[in-house]
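Engineer: Before we start, here is the structure in question, set down as structure tokens.
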2 protein chains.
Amino acid sequence: MSGKRKGLGRATVHDVAKLAGVSSITVSRYFKQPDIVSPVLRERISEAVRVLDYLPNHAAGGLASTRGRIVAMVIPNISGPIFANTIQSFSDELSRYGYQLLLASSYFSIEQEERAVRAFLGWSPAALVLTSQYHSEETERLVAKATMPIVETWDYEPARKPLQVGFSHGEVGRQAVEYLHGKGYQRIAFVQNSMVGDLSALDRRDGYIAAMASYGLNPWVFVPTQADPFEAGKQAVNSLLLRKEPAEAIIFANDNLAAGGMLAGQRAGMQFPRDCAIFGFGNYAFSEMLLPSLTTIRPPAKEIGEVAAMRILQALGEIPTDEPVQHLNLLECELIVRESA
Amino acid sequence: MSGKRKGLGRATVHDVAKLAGVSSITVSRYFKQPDIVSPVLRERISEAVRVLDYLPNHAAGGLASTRGRIVAMVIPNISGPIFANTIQSFSDELSRYGYQLLLASSYFSIEQEERAVRAFLGWSPAALVLTSQYHSEETERLVAKATMPIVETWDYEPARKPLQVGFSHGEVGRQAVEYLHGKGYQRIAFVQNSMVGDLSALDRRDGYIAAMASYGLNPWVFVPTQADPFEAGKQAVNSLLLRKEPAEAIIFANDNLAAGGMLAGQRAGMQFPRDCAIFGFGNYAFSEMLLPSLTTIRPPAKEIGEVAAMRILQALGEIPTDEPVQHLNLLECELIVRESA
DNA sequence: CTCGAAAATGTTACCGGTAACATTTGGCAA
DNA sequence: TTGCCAAATGTTACCGGTAACATTTTCGAG
């Protein structure tokens, strides 16, 4: 009847303006910079907004003003114990300033990541957040061409151009070796991640290898073939401990593997750390509840989200840029010593 | 210099159209319904898109066509073991059809939920997903007025109007009692969630109470004052077991509480389930790794995400509506019997 | 009381697409 | 060859805001 194509029950700035007896732009200003609208009109507009139940249309606003209030993030996965905290803190920080989070997961696939980035750029987000420094060439190209702030998280390689907020995975590998070597262990093995595509995990392995070499020890990397982390951990324990010269300590690429390995060993009658020291990565929720509780390294997941959000808000001019604090983007992992090593 | 306000390096349909020697709408059609564009033009447009590195602007498209490809979801939290799987499967399912996920968390606060809903509606999402059936009045009003499909997840109360995909929390409480009663336990206590605002958890408690009554047993609800679930669990165990007539079995509102309680009891020299049966909810990742492993109920987190996505895609006409399958939206929880009860 | 600058408000055009309707082209029966 | 309908393509206007510039109002100094 009405002839309007859409807007069934949805008021626009124009409707509000008409009812308040002002021009549309004044209504727009009422929302963006209330202080430059006179109190009288503010009151009239406020009333009209209430009466019409007006909700601003962000898509239209973003289109007209070059600055949407969406921030897009591509993360390997949402479930799983690793990234959830980063997403959470990132989203919370942003929402405080009225930005909304557009999210997609890549499952460590650079192709899926590329697809997500492509789709996201179509929303001209205010900023784009990626995970890790490893992307497809096409992603690199798209990102290089984009004009909004880009942040890479969970890695820190200052040689690269995009802003990075994370930590050095190589350093994590080194830290684990240092700790175990300090406790007198010599035959220290490393169990790699069964998750293909997690390139940063390989950096941790490389850090391990380098550190071992620096101590004059032989690196000993086990690559599980099982996909399931529990099974993979079991496989590793069987291979590394049931032999003439068993490993004295095992660094697992993550806590899941470590837990799987430890349980398998216990079922086979071993005791930890008596028979072998167990070292994880990630500090998953269950790690402190295992028996023995798991010695591990806590990545600064939550902090990454917070700092990334902060950097973005600064780049967008929402919060003042600090005095030139350098390298605050390089975050620290925390060594958590428990019973297993 | 150029005079263009934005579009620095970003091509539009119009640019593509000019280069391909067609009109803009033809380019638009090339993306939406390629089959109605002749092969010759398709080829020319495709080439122009490649040359200009054109990316469609979804905000503009959505504005013009009433149908954005964003789906908004408000969830209590992203981290935490509960909802991550729902988000993950939901997002995955949607992205398969080119929809993107806009996400916000409410932390079980209906005020925060309302704020998120308000912001989301401004993006005119293709659909809106909420968690639980409990919202503020204003949220109810906004939702009732909205025209896009709305889905409530993690609850199932068919009396309400919005489409619901979830399970009956009351039934979960009942199921736990049934199981424990079947094993001969009489003094069965229930430890409530310390997370205020999680109203669905109270439904589980009510289900417990009703079931106890139906068996002629006295309900026995403990309300922890500690916020930290581990501490709360500890508190509960102390209160329920260190007394003349201790509980024979304890149903905890979630696995975190159960784990905390069990560890505290073990530290105090108790053995489970010998001294008391322990029953959880959630089937968190660590539950099978506890000693004894935790008997619990697995909520259909992943399934909720999948089914919710499916219903939305059906409502949007992306996938065919099945033959009238009734009640597929009521999902089943799975009783997972392990060692602790 | 007049004038001028600052503050408040309005006008116009346009952001980048697409719906609705208009027009042209193509293919085939008569 | 003509005529007619369907397929292919184009024209125009508009989605709901806001930038840029234009105009009016306010108000204190002179």
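Engineer: Over all directions, what mean area does the Cα convex hull of the range A:169-298 project, stated in square nanometres? Please list the in-between numbers first.
Structural biologist: Details: hull surface 28.1 nm².
Result: 7.0 nm².
Engineer: If you don't mind, another one. When only the heavy atoms of the protein chains count and the probe is 1.4 Å, how do B:R311, B:R115 rank by accessible area, highest first?
Structural biologist: On the way: B:R311 30, B:R115 150 Å².
Largest accessible area first, the residues go B:R115, B:R311.
Engineer: Ordered shortest first, which distances in nm separate the 7 Å Cα→C-beta label point of A:N218 from those of the other copies?
Structural biologist: Copy-to-copy label distances for A:N218: 6.8 nm.
Engineer: Viscosity 0.692 mPa s, temperature 37 °C: what is the translational diffusion coefficient of the range B:83-151 from Stokes-Einstein with a Kirkwood Rh over Cα pairs, rounded to a whole number of µm²/s? Write down the numbers at each step before the final one.
Structural biologist: Numbers: Rh = 12.7 Å.
After rounding, the answer is 259 µm²/s.
Engineer: To continue, here is another question. Percent relative contact order of the range B:13-56, based on C-alpha pairs within less than 8 angstrom and at least six residues apart? Please list the in-between numbers first.
Structural biologist: Values: 37 pairs, mean separation 18.7, N = 44.
After rounding, I find 43 percent.
Engineer: Using a Gaussian network for chain B with springs between C-alpha atoms less than 10 Å apart, which of these wobbles most: B:Q266, B:Q186, B:Q88?
Structural biologist: Highest fluctuation among the options: B:Q266.
Engineer: To continue, here is another question. For the protein assembly as shown, state the average projected area of the convex hull of the C-alpha atoms over all orientations, rounded to one decimal in nm². Write down the numbers at each step before the final one.
Structural biologist: Details: hull surface 147.5 nm².
Approximately 36.9 nm², given one-decimal rounding.
Engineer: A further question follows. Residues with beta-carbon under 11 Å from that of B:T131, excluding B:T131: net charge, scoring Lys, Arg +1 and Asp, Glu -1? Let's see the in-between values first.
Structural biologist: Details: positive: none; negative: B:E113, B:E152, B:D155, B:D198.
Surrounding charge for B:T131 is -4.
Engineer: Where is the GNM fluctuation largest for chain A (alpha-carbon springs, 10 angstrom cutoff): A:A264, A:A285, A:A48?
Structural biologist: For chain A, modelled as a Gaussian network with Cα springs under 10 Å, the answer is A:A48.
Engineer: Once you put a point 7 Å from the Cα of B:R267 and another 7 Å from the Cα of A:V51, both along the Cβ direction, what distance in nm separates them?
Structural biologist: In this crude spin-label approximation the distance works out to 6.3 nm.
Engineer: Can you list the copy-to-copy distances for A:E245, using a point 7 angstrom from Cα toward Cβ, in nanometres, shortest first?
Structural biologist: In ascending order, 6.6 nm.
Engineer: While we're looking at this one, here's another question. Return P(r) of chain A (all Cα-Cα pairs; 10 Å bins starting at 0; whole %; ordered from short to long distances).
Structural biologist: Spelled out bin by bin, chain A gives 5, 22, 25, 19, 13, 8, 6, 3, 0 percent.
Engineer: Another question, then. Could you order B:L19, A:L217 so the one with the most accessible surface comes first? Probe is 1.4 Å. Show your work: numbers first, answer last.
Structural biologist: On the way: B:L19 100, A:L217 20 Å².
Reading off the accessible areas and sorting them downward yields B:L19, A:L217.
Engineer: Moving on. Do you know the relative contact order of chain B, to the nearest whole percent, from alpha carbon pairs under 8 angstrom that are 6+ apart?
Structural biologist: Details: 597 pairs, mean separation 49.4, N = 341.
Value for chain B: 14 percent.
Engineer: Further, regarding this structure: Whole-Hz ³J(HN,Hα) for each residue in the range B:170-183, computed from phi via Karplus 6.51 cos²θ - 1.76 cosθ + 1.60 with θ = phi - 60°, x for glycine and proline: what do you get?
Structural biologist: x, 4, 4, x, 4, 4, 5, 4, 4, 4, 5, 4, x, 8
Engineer: At 1.4 Å probe size, put A:V22, A:V337 in order of accessible surface, largest to smallest. Before the final figure, lay out the partial values.
Structural biologist: Working: A:V22 30, A:V337 85 Å².
In descending accessible area the options line up as A:V337, A:V22.
Engineer: Show the residues, 5+ positions off or on another chain, whose built amide H is closer than 5 Å to the amide H of A:I250.
Structural biologist: Amide H neighbours of A:I250, under 5 Å, 5+ apart: A:A189, A:A277, A:I278, A:F279.
Engineer: What are the distances, in nm and sorted shortest first, from the label point of B:I336 to the label points of the same position in each other copy, with each label point placed 7 Å from Cα along the Cα-to-Cβ direction?
Structural biologist: Copy-to-copy label distances for B:I336: 2.0 nm.
Engineer: In chain B, which residue puts its Cβ closest to the axis that turns chain B onto chain A, and how many whole Å away is it?
Structural biologist: Closest Cβ to the B-to-A rotation axis, residue and whole-Å distance: B:F286, 1.
Engineer: Give me the one-decimal nm value for the distance between modelled label points at B:R160 and B:K183, 7 Å along each residue's Cα-to-Cβ direction.
Structural biologist: 3.2
Engineer: Any idea how many Lys pairs in chain A come in under 27 angstrom at the alpha carbon, given 8 or more places apart or on separate chains?
Structural biologist: Count of close lysine pairs: 9.
Engineer: Counting only residues 5 or more places away or on other chains, whose amide H sits under 5 Å from the amide H of A:T295 once H atoms are built in the peptide plane?
Structural biologist: A:G280, A:R338, A:E339, A:S340, A:A341
Engineer: Can you compute the FRET efficiency between A:R42 and A:R96 using 1/(1 + (r/R0)^6), with r the Cβ-Cβ distance and R0 = 22 Å? Round to the nearest 0.05. Kindly include the intermediate steps, with their values, before the conclusion.
Structural biologist: Details: r = 24 Å, r/R0 = 1.11.
It comes to 0.35.
Engineer: Read phi for every residue in the range A:335-341 and hand back ³J(HN,Hα) as whole Hz from Karplus 6.51 cos²θ - 1.76 cosθ + 1.60, θ = phi - 60°, with x for Gly and Pro.
Structural biologist: Rounded to whole hertz, the list is 6, 10, 8, 10, 8, 7, 6.
Engineer: For chain B, modelled as a GNM with alpha-carbon contacts under 10 angstrom, which of B:L41, B:L328, B:L63 fluctuates the most?
Structural biologist: Among B:L41, B:L328, B:L63, the largest mean-square fluctuation in the Gaussian network model of chain B belongs to B:L41.
Engineer: With +1 assigned to the C-beta of every Lys and Arg and -1 to the C-beta of every Asp and Glu, and no other charges, what is the dipole magnitude of the protein assembly as shown about the Cα centre in debye, to the nearest 20?
Structural biologist: Working: 66 positive and 72 negative charges, 358 e Å.
Rounded to the nearest 20 debye, it is 1720 debye.
Engineer: Identify the trypsin sites (Lys or Arg not before Pro) of the range B:143-225 meeting these criteria: DSSP loop state and at most 16 other C-beta atoms within 10 Å of the C-beta.
Structural biologist: Working: sites: B:K145, B:R160, B:R174, B:K183, B:R187, B:R204, B:R205; in loops: B:R160, B:K183, B:R187.
Sites meeting the loop and neighbour criteria: B:R160, B:K183, B:R187.
Engineer: Let me ask something else. So, taking all protein chains as they sit and a 1.4 Å probe, how much accessible area belongs to A:R69, in Å² rounded to tens?
Structural biologist: A:R69 has an accessible surface of roughly 80 Å² with all protein chains in place.
Engineer: Only bridges with both residues in chain A count here: give the DSSP antiparallel percent, nearest 5.
Structural biologist: Working: 3 of 30 bridges.
Bridges in chain A that DSSP calls antiparallel: roughly 10 percent.
Engineer: While we're on this one: Taking every alpha carbon pair in the range B:231-341, what does the distance histogram look like in 10 angstrom bins from 0, in percent?
Structural biologist: Distribution as computed: 14, 37, 19, 15, 11, 4, 0 percent.
Engineer: Right, another one. Apply the Karplus curve 6.51 cos²θ - 1.76 cosθ + 1.60, θ = phi - 60°, to the phi angles in the range A:264-278 and return the couplings in whole Hz, x for Gly and Pro.
Structural biologist: 4, x, 4, 4, 8, x, 7, 10, 10, x, 3, 7, 5, 7, 10
Engineer: While we're on this one: Taking amide hydrogens as modeled 1.01 Å from N in the peptide plane, which residues meet the under 5 Å criterion relative to A:A127, leaving out close sequence neighbours?
Structural biologist: Result for A:A127 returns A:A72.
Engineer: If one computes the Cα centroid of the range A:194-269 and of the range B:266-334, what distance in Å separates the two points?
Structural biologist: 31
Engineer: Something else about it: Quick check for you: which residues of the range A:260-294 have the amide N under 18 Å from the point 7 Å beyond the Cα of B:E339 toward its beta carbon?
Structural biologist: Only A:260-273, A:286-294 pass the distance filter.
The values are calculated or read from the model by the stated rules, or taken from the named source; none is laboratory data. These numbers come from a predicted model, not from an experiment. FYI the Cβ positions are ideal-geometry reconstructions off the backbone, even for glycines, and counts take in every protein chain you see. For accessibility, only protein heavy atoms count, side chains too; no ligands or nucleic acids. Shrake-Rupley method; radii C 1.70, N 1.55, O 1.52, S 1.80 Å.
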